[in-house]
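Quick notes on the structure that follows.
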Amino acid sequence: MKAVQVTGYGDVDKLELVDTPIPEPKSNEVLVKVKACAINNTEIWMREGAYGTGKKSGWRPEGVQFPRTPGSDITGQVVKVGSQVEESMIGKDVVLFPFTSSGEEGLEHISEDMSFIGSEYDGGYAEYVVWPAELCYDMPLPDYIESSVFSVSGMTAWHMVEQIQAKPGETIMVTGANGGVGSLNVQIASKVFGAKVIAIVGDLALEDKMKDLGATHVLSYRSDKLSEEILEANGGPIDSVLDVVGDALFATSLQVLKKGGKFCTSGSAGGQKTELDFRTMYLKHITLYGSVLGTRADFQKMLTAISEEKIKPVIDCTFPLEEAREAQTYFKNSGKLGKIVLLPEK
């Protein structure tokens with residue numbers, strides 16, 4: 001089968017298209033013919049060494065082992081099952097829950113042995129992938145591409161909104177609102193939890209599209225008066241921030257939060273390190289949350305909301321699997337809206 005492997009830390013030249021044997025499912029696994037695999041920051045940062053290198057590079061103590069096939073947002077069709085899996089699963093269209101864990105219910109995502117597909121396991125930049133049968137869920141939509149764009153970004157976004165305990169009528173600022181996680185933060189916060197959303201983007205040409213997703217106000221991070229514009233749009237300080245940017249908007253976020261406000265981050269595309277004046281945090285009684293991925297319950301609730309069309313797929317474009325280098329390069333461009341998806345079949 002065709003697969004794209006990461007051969008080590010570095011630029012996109014570390015992505016290589018190879019021919020490799022089709023994997024065999026273990027007794028509790030199924031073989032999935034991959035139909036679509038959406039791109040996430042996670043596999044790019046893993047390749048670049050942004051999480052660290054060597055033993056610091058992955059979710060497990062031993063670090064990422066190269067070569068590794070990345071890709072965690074996967075949809076496909078079950079074509080073979082292991083000895084302990086019912087044959088009725090053959091032919092089923094599935095979306096893959098993206099990690100294994102021995103953590104108890106509700107704590108799966110913070111278990112010490114949490115292991116991620118595309119990092120600790122070979123992932124979806126390939127024609128086939130094996131995965132535990134119990135972690136394969138029915139696709140929420142009939143289309144493979146549309147169903148592929150939620151797994152990591154959607155579960156991360158859902159868990160972030162749950163973390164801050166969003167309530168109807170509250171105002172939530174979403175940074176990186178045109179990206180994969182951000183666009184879903186906008187939809188989940190507004191259309192599922194009933195909050196008002198201030199979406200922060202770079203290009204205000206995206207304003208109408210962001211409002212279609214549920215944003216009440218759309219502002220540009222390029223403004224010299226962003227803090228004032230946020231406060232003016234809301235008529236005062238805001239309740240919470242859902243952040244994927246990191247340093248670039250951290251000071252602004254703390255400035256516009258109300259006393260008792262909440263800041264939840266799941267990414268740092270705009271800078272991984274920042275300065276924090278602790279006085280701001282404790283004098284304003286601000287709660288800080290770090291968040292990544294989520295629980296199986298989050299995943300199921302998200303899939304239900306998608307199937308009920310409360311959350312819609314936002315797709316920028318697709319690339320054939322062979323153009324994974326070009327796709328990851330494009331992914332890092334600003335101004336796109338939504339997810340980029342790799343297709344093993346032309």
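The values are calculated or read from the model by the stated rules, or taken from the named source; none is laboratory data. Everything numeric here is computed off the predicted structure, so don't read it as measured data. Ideal geometry is used to build each Cβ from the backbone, glycine not excepted, and the neighbour counts take in all protein chains shown. Surface areas here come from the heavy atoms of the whole protein model, side chains and all, with no ligands, DNA or RNA. Shrake-Rupley method; radii C 1.70, N 1.55, O 1.52, S 1.80 Å.
Please work out which one of (1) closer than 17 Å to Pro344 by Cβ; (2) open to solvent by less than 10 Å² (accessible area, probe 1.4 Å) is the condition Arg47 fails and give its number.
(1) is the only condition that Arg47 fails.
Specify which of the listed residues (Ala177, Ala157, Ala189) is among the small types (Gly, Ala, Ser), closer than 18 Å to Thr265 by Cβ and not in a helix (DSSP H, G or I).
Going through Ala177, Ala157, Ala189 in turn, the sole match is Ala177.
Looking at the structure I just gave you, is Glu120 in contact (Cβ under 8 Å) with a residue 12 or more places away in the chain and out of contact with any strand residue (DSSP E or B) (no Cβ under 7 Å at 6 or more places or on another chain)? Walk me through it before giving the result.
Numbers: in contact (Cβ under 8 Å) with a residue 12 or more places away in the chain: yes; out of contact with any strand residue (DSSP E or B) (no Cβ under 7 Å at 6 or more places or on another chain): yes.
In short, yes.
Would you check which residues across the range 136-154 are under 28 Å from Gly8 (Cα atoms) and among the aliphatic types (A, V, I, L, M) and list them?
Passing the criteria: Val149, Val152.
Between residues in the range 201-216 that are farther than 20 Å from Glu232 by Cα and residues that are in a strand (DSSP E or B), which pairs lie under 8 Å by C-beta distance while being six or more apart or on different chains?
Matching pairs, first to second residue: Leu206/Val218; Leu213/Ala199.
What number of residues within the range 240-265 are open to solvent by 30 Å² or more (accessible area, probe 1.4 Å) and farther than 15 Å from Ile200 by Cβ? Walk me through it before giving the result.
Applying the first criterion (open to solvent by 30 Å² or more (accessible area, probe 1.4 Å)) to the range 240-265 yields 247-248, 251, 255, 258-260, 262, 265.
Of the ones still in play, those that are also farther than 15 Å from Ile200 by Cβ are 258-260, 262.
Total satisfying the criteria: 4.
For the range 94-133, which residues satisfy the criterion of being in a strand (DSSP E or B) and hydroxyl-bearing (Ser, Thr, Tyr)?
If the condition is that a residue be in a strand (DSSP E or B) and hydroxyl-bearing (Ser, Thr, Tyr), then Thr100, Ser115, Tyr121, Tyr128 are the ones that fit.
All but one of (1) out of contact with any Ser or Thr (no Cβ under 9 Å at 6 or more places or on another chain); (2) of a type outside the set (Lys, Arg); (3) within 22 Å of Thr69 (Cβ to Cβ) hold for Phe97; which doesn't?
Evaluating Phe97 over (1) out of contact with any Ser or Thr (no Cβ under 9 Å at 6 or more places or on another chain); (2) of a type outside the set (Lys, Arg); (3) within 22 Å of Thr69 (Cβ to Cβ) leaves (1) as the failure.
Any idea which of (1) small (Gly, Ala, Ser); (2) at pLDDT 95 or above; (3) under 18 Å from the mean Cα position of the chain (by Cα) is the one Gly179 doesn't satisfy?
(2)
Within the range 22-41, track down each residue that is open to solvent by less than 30 Å² (accessible area, probe 1.4 Å) and under 21 Å from Pro320 (Cβ atoms).
Residues satisfying the conditions are Val32, Val34, Ala36, Cys37, Ala38, Ile39, Asn40.
Tell me, which helices (runs of 4 or more DSSP H) lie completely within the range 192-291 with 1 or more residues that are at pLDDT below 95 and under 22 Å from the mean Cα position of the chain (by Cα)? Please lay out each step first, then the result.
Numbers: elements: 207-213, 226-234, 247-256, 278-283.
The qualifying helices (runs of 4 or more DSSP H) are 207-213, 247-256.
Kindly check whether there is at least one residue in the range 274-295 that is surrounded by 17 or more Cβ atoms within 10 Å (Cβ to Cβ), closer than 30 Å to Tyr128 by Cβ and not aliphatic (A, V, I, L, M).
Yes, because at least one residue in the range 274-295 is surrounded by 17 or more Cβ atoms within 10 Å (Cβ to Cβ), closer than 30 Å to Tyr128 by Cβ and not aliphatic (A, V, I, L, M).
From the list Lys80, Lys33, which residue is more than 24 Å from the chain's Cα centre (by Cα) and in contact (Cβ under 8 Å) with a residue 24 or more places away in the chain?
Lys80
Could you look through the range 50-76, keep only residues that are outside any loop (DSSP other than H, G, I, E, B) and modelled with pLDDT of 95 or more, and pick out the one that is surrounded by the fewest Cβ atoms within 10 Å (Cβ to Cβ)?
Taking the candidates together, the pick is Arg68.
Examine the range 151-166 for a residue that is more than 20 Å from the chain's Cα centre (by Cα), open to solvent by less than 30 Å² (accessible area, probe 1.4 Å) and either within 22 Å of Glu323 (Cβ to Cβ) or modelled with pLDDT under 95 (or both), and state whether such a residue exists.
No - not one qualifying residue is present in the range 151-166.
Can you name every residue in the range 77-117 that is acidic (Asp, Glu), open to solvent by 30 Å² or more (accessible area, probe 1.4 Å) and at pLDDT below 95?
Within the range 77-117, Glu104, Glu105, Glu112, Asp113 qualify.
Can you name the residue in the range 297-328 that is open to solvent by 70 Å² or more (accessible area, probe 1.4 Å) and not in a loop (DSSP other than H, G, I, E, B) and is also nearest to Tyr221 (Cα to Cα) among such residues?
Glu326
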